[in-house]
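One structure is given below, encoded as C-alpha coordinates.
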Amino acid sequence: MSQATELDERLLVEAAQNDPSRFAELYELHFHRVYAYVARRVRDRSEAQDLTAHVFQQALANLGKFKWKGAPFAAWLYRIASNAIADHSRKQARESGEATNPTENSTAVDLEEVERRARLFQAVETLPDDQRRVITMRFADERSIREIAVELGRSEGAVKQLQFRGLENLRNRLATN
(Lines give C-alpha, C1' and ligand atoms only; values in the text may rest on other atoms or scores of the structure.)
Protein backbone atom coordinates (compact mmCIF):
# COMPACT_ATOMS: atom_id res chain seq x y z
CA MET A 1 0.00 0.00 0.00
CA SER A 2 1.41 3.40 -0.87
CA GLN A 3 1.90 5.88 1.94
CA ALA A 4 -0.76 8.18 0.48
CA THR A 5 -3.31 5.36 0.25
CA GLU A 6 -2.45 4.17 3.77
CA LEU A 7 -2.85 7.72 5.08
CA ASP A 8 -6.20 8.10 3.27
CA GLU A 9 -7.47 4.86 4.76
CA ARG A 10 -6.24 5.81 8.21
CA LEU A 11 -8.04 9.16 7.95
CA LEU A 12 -11.24 7.37 6.88
CA VAL A 13 -11.00 5.02 9.87
CA GLU A 14 -10.39 7.89 12.28
CA ALA A 15 -13.28 9.87 10.78
CA ALA A 16 -15.59 6.88 11.20
CA GLN A 17 -14.42 6.37 14.79
CA ASN A 18 -15.35 9.99 15.54
CA ASP A 19 -18.57 9.97 13.50
CA PRO A 20 -20.15 6.53 12.87
CA SER A 21 -22.10 7.94 9.90
CA ARG A 22 -18.73 8.08 8.07
CA PHE A 23 -18.47 4.28 8.30
CA ALA A 24 -20.40 4.13 5.01
CA GLU A 25 -17.22 5.20 3.19
CA LEU A 26 -15.29 2.26 4.66
CA TYR A 27 -18.18 -0.04 3.83
CA GLU A 28 -18.21 1.08 0.19
CA LEU A 29 -14.43 0.76 -0.06
CA HIS A 30 -14.28 -2.80 1.34
CA PHE A 31 -17.66 -4.42 0.68
CA HIS A 32 -16.78 -6.26 -2.55
CA ARG A 33 -13.55 -7.66 -1.14
CA VAL A 34 -15.15 -8.90 2.07
CA TYR A 35 -18.09 -10.38 0.19
CA ALA A 36 -15.75 -12.18 -2.23
CA TYR A 37 -13.74 -13.51 0.72
CA VAL A 38 -16.87 -14.85 2.44
CA ALA A 39 -18.49 -16.16 -0.75
CA ARG A 40 -15.42 -18.27 -1.56
CA ARG A 41 -15.79 -20.03 1.78
CA VAL A 42 -19.57 -20.19 2.08
CA ARG A 43 -21.13 -21.49 -1.11
CA ASP A 44 -24.74 -20.51 -0.32
CA ARG A 45 -25.28 -17.00 -1.68
CA SER A 46 -27.86 -16.05 0.94
CA GLU A 47 -25.59 -17.18 3.78
CA ALA A 48 -22.64 -15.31 2.23
CA GLN A 49 -24.74 -12.14 2.09
CA ASP A 50 -25.90 -12.59 5.70
CA LEU A 51 -22.36 -13.23 6.92
CA THR A 52 -21.01 -10.23 5.03
CA ALA A 53 -23.68 -8.04 6.62
CA HIS A 54 -22.73 -9.49 10.01
CA VAL A 55 -19.05 -8.68 9.40
CA PHE A 56 -19.83 -5.02 8.78
CA GLN A 57 -22.24 -4.85 11.73
CA GLN A 58 -19.47 -6.23 13.97
CA ALA A 59 -16.93 -3.85 12.45
CA LEU A 60 -19.18 -0.84 13.08
CA ALA A 61 -20.00 -2.00 16.61
CA ASN A 62 -16.30 -2.50 17.45
CA LEU A 63 -14.79 0.32 15.40
CA GLY A 64 -13.83 2.21 18.56
CA LYS A 65 -11.64 -0.74 19.57
CA PHE A 66 -9.73 -0.77 16.25
CA LYS A 67 -6.12 0.31 16.70
CA TRP A 68 -3.95 1.17 13.73
CA LYS A 69 -0.96 -1.20 13.84
CA GLY A 70 0.33 -0.81 10.30
CA ALA A 71 -1.77 -3.60 8.75
CA PRO A 72 -4.51 -2.45 6.38
CA PHE A 73 -8.03 -2.00 7.74
CA ALA A 74 -9.05 -4.82 5.38
CA ALA A 75 -6.96 -7.27 7.42
CA TRP A 76 -9.11 -6.47 10.46
CA LEU A 77 -12.27 -7.01 8.39
CA TYR A 78 -10.92 -10.35 7.11
CA ARG A 79 -10.23 -11.43 10.68
CA ILE A 80 -13.84 -10.60 11.63
CA ALA A 81 -15.04 -12.47 8.53
CA SER A 82 -12.89 -15.48 9.34
CA ASN A 83 -14.33 -15.64 12.86
CA ALA A 84 -17.88 -15.25 11.54
CA ILE A 85 -17.35 -18.07 9.04
CA ALA A 86 -15.90 -20.32 11.74
CA ASP A 87 -18.84 -19.57 14.06
CA HIS A 88 -21.27 -20.24 11.22
CA SER A 89 -19.59 -23.58 10.42
CA ARG A 90 -19.70 -24.66 14.05
CA LYS A 91 -23.37 -23.71 14.28
CA GLN A 92 -24.18 -25.68 11.13
CA ALA A 93 -22.26 -28.69 12.44
CA ARG A 94 -24.14 -28.55 15.76
CA GLU A 95 -27.47 -28.29 13.97
CA SER A 96 -26.65 -31.25 11.76
CA GLY A 97 -25.43 -33.27 14.76
CA GLU A 98 -21.80 -33.47 13.64
CA ALA A 99 -19.01 -33.33 16.17
CA THR A 100 -16.52 -30.53 15.65
CA ASN A 101 -13.01 -30.11 16.84
CA PRO A 102 -11.95 -26.46 16.84
CA THR A 103 -8.33 -27.39 16.11
CA GLU A 104 -9.46 -29.11 12.90
CA ASN A 105 -11.72 -26.31 11.75
CA SER A 106 -10.97 -25.95 8.05
CA THR A 107 -12.39 -22.43 7.84
CA ALA A 108 -10.02 -20.95 10.40
CA VAL A 109 -7.61 -18.66 8.60
CA ASP A 110 -4.38 -17.71 10.31
CA LEU A 111 -3.27 -14.12 10.55
CA GLU A 112 -0.47 -14.66 8.03
CA GLU A 113 -3.00 -15.69 5.37
CA VAL A 114 -5.18 -12.67 6.17
CA GLU A 115 -2.20 -10.35 5.83
CA ARG A 116 -1.12 -12.03 2.58
CA ARG A 117 -4.58 -11.47 1.12
CA ALA A 118 -4.62 -7.88 2.34
CA ARG A 119 -1.28 -7.25 0.57
CA LEU A 120 -2.72 -8.80 -2.59
CA PHE A 121 -5.82 -6.59 -2.48
CA GLN A 122 -3.66 -3.54 -1.88
CA ALA A 123 -1.46 -4.48 -4.85
CA VAL A 124 -4.55 -4.86 -7.05
CA GLU A 125 -5.60 -1.33 -6.07
CA THR A 126 -2.31 0.04 -7.42
CA LEU A 127 -2.78 -1.46 -10.91
CA PRO A 128 -3.69 0.79 -13.84
CA ASP A 129 -7.48 1.23 -14.06
CA ASP A 130 -8.08 -1.12 -17.02
CA GLN A 131 -5.95 -3.90 -15.54
CA ARG A 132 -7.53 -3.47 -12.08
CA ARG A 133 -11.05 -3.68 -13.52
CA VAL A 134 -10.26 -6.83 -15.50
CA ILE A 135 -8.49 -8.55 -12.57
CA THR A 136 -11.33 -7.66 -10.19
CA MET A 137 -14.06 -8.76 -12.60
CA ARG A 138 -12.22 -11.96 -13.51
CA PHE A 139 -11.14 -13.18 -10.08
CA ALA A 140 -13.24 -11.41 -7.45
CA ASP A 141 -16.49 -11.40 -9.44
CA GLU A 142 -15.62 -14.69 -11.21
CA ARG A 143 -16.72 -13.42 -14.61
CA SER A 144 -15.74 -14.99 -17.90
CA ILE A 145 -13.46 -13.35 -20.45
CA ARG A 146 -16.46 -13.00 -22.78
CA GLU A 147 -18.61 -11.29 -20.10
CA ILE A 148 -15.82 -8.86 -19.30
CA ALA A 149 -15.22 -8.10 -22.98
CA VAL A 150 -18.92 -7.32 -23.52
CA GLU A 151 -19.12 -5.09 -20.45
CA LEU A 152 -15.93 -3.19 -21.29
CA GLY A 153 -16.68 -3.01 -25.01
CA ARG A 154 -13.38 -4.68 -25.90
CA SER A 155 -12.35 -7.80 -27.75
CA GLU A 156 -11.73 -11.02 -25.82
CA GLY A 157 -8.07 -10.81 -26.92
CA ALA A 158 -7.76 -7.33 -25.43
CA VAL A 159 -9.25 -8.55 -22.14
CA LYS A 160 -6.85 -11.51 -22.08
CA GLN A 161 -3.93 -9.13 -22.68
CA LEU A 162 -5.08 -6.82 -19.86
CA GLN A 163 -5.44 -9.84 -17.57
CA PHE A 164 -1.96 -11.05 -18.47
CA ARG A 165 -0.39 -7.63 -17.90
CA GLY A 166 -2.30 -7.20 -14.64
CA LEU A 167 -1.12 -10.56 -13.32
CA GLU A 168 2.46 -9.79 -14.36
CA ASN A 169 2.29 -6.44 -12.56
CA LEU A 170 0.90 -8.16 -9.45
CA ARG A 171 3.67 -10.77 -9.49
CA ASN A 172 6.29 -8.05 -9.75
CA ARG A 173 4.75 -5.90 -7.00
CA LEU A 174 4.27 -8.81 -4.62
CA ALA A 175 7.79 -10.10 -5.28
CA THR A 176 9.27 -6.76 -4.16
CA ASN A 177 7.26 -6.78 -0.89
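The values are calculated or read from the model by the stated rules, or taken from the named source; none is laboratory data. Predicted model only: the values in this text are computed from it and were never measured. Using ideal geometry, Cβ is built from the backbone for each residue, glycine included, and neighbour counts are taken over all protein chains shown.
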* Asked: Only one residue in 102, 72 is at pLDDT below 80, in the same structural domain as residue 47 (by TED's automatic domain parsing) and touching a Lys or Arg at 6+ places or on another chain (Cβ under 9 Å), so which one is that?
  -> 102
* **Search result, residues across region 39-57 that are of a type in the set (Val, Ile, Thr) and either more than 21 Å from residue 20 (Cα to Cα) or in contact with a Leu (Cβ under 9 Å, 6 or more places away or on another chain) (or both)** => 42, 55
* Asked: Filter region 58-79 for residues that are closer than 17 Å to residue 24 by Cα and among the small types (Gly, Ala, Ser); which is surrounded by the most Cβ atoms within 10 Å (Cβ to Cβ)?
  -> 74
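Mind checking which residues of region 80-96 are buried (at least 17 other Cβ atoms within 10 Å of the Cβ) and within 29 Å of residue 7 (Cα to Cα)?
Quick first cut of region 80-96, residues buried (at least 17 other Cβ atoms within 10 Å of the Cβ) only: 80-82, 84-86, 88-89.
Result: 80, 81, 82, 84.
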* Asked: When residue 127 is evaluated against the numbered criteria (1) in a loop (DSSP other than H, G, I, E, B); (2) modelled with pLDDT of 80 or more; (3) within 15 Å of the chain's Cα centre (by Cα), which criterion, by number, is the only one it fails?
  -> (3)
* Looking only at region 130-144, and only at residues there that are out of contact with any Lys or Arg (no Cβ under 6 Å at 6 or more places or on another chain) and among the hydrophobic types (A, V, I, L, M, F, W, C), the one that is modelled with the highest pLDDT -> 134
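Restricting attention to region 123-177, which residues are of a type in the set (A, V, I, L, M), within 17 Å of residue 33 (Cβ to Cβ) and free of Cβ contacts under 8 Å to residues at least 60 places away in the same chain?
Of everything in region 123-177, those that are of a type in the set (A, V, I, L, M), within 17 Å of residue 33 (Cβ to Cβ) and free of Cβ contacts under 8 Å to residues at least 60 places away in the same chain turn out to be 123, 124, 127, 134, 135, 137, 170, 174.
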* Any idea which residue in region 37-59 is farthest from residue 92 (Cα to Cα), counting only those that are among the acidic types (Asp, Glu) and in a helix (DSSP H, G or I)? -> 50
* **Subset of region 108-124 that is surrounded by 14 or more Cβ atoms within 10 Å (Cβ to Cβ) and not in a helix (DSSP H, G or I) - its residue that is modelled with the highest pLDDT** => 109
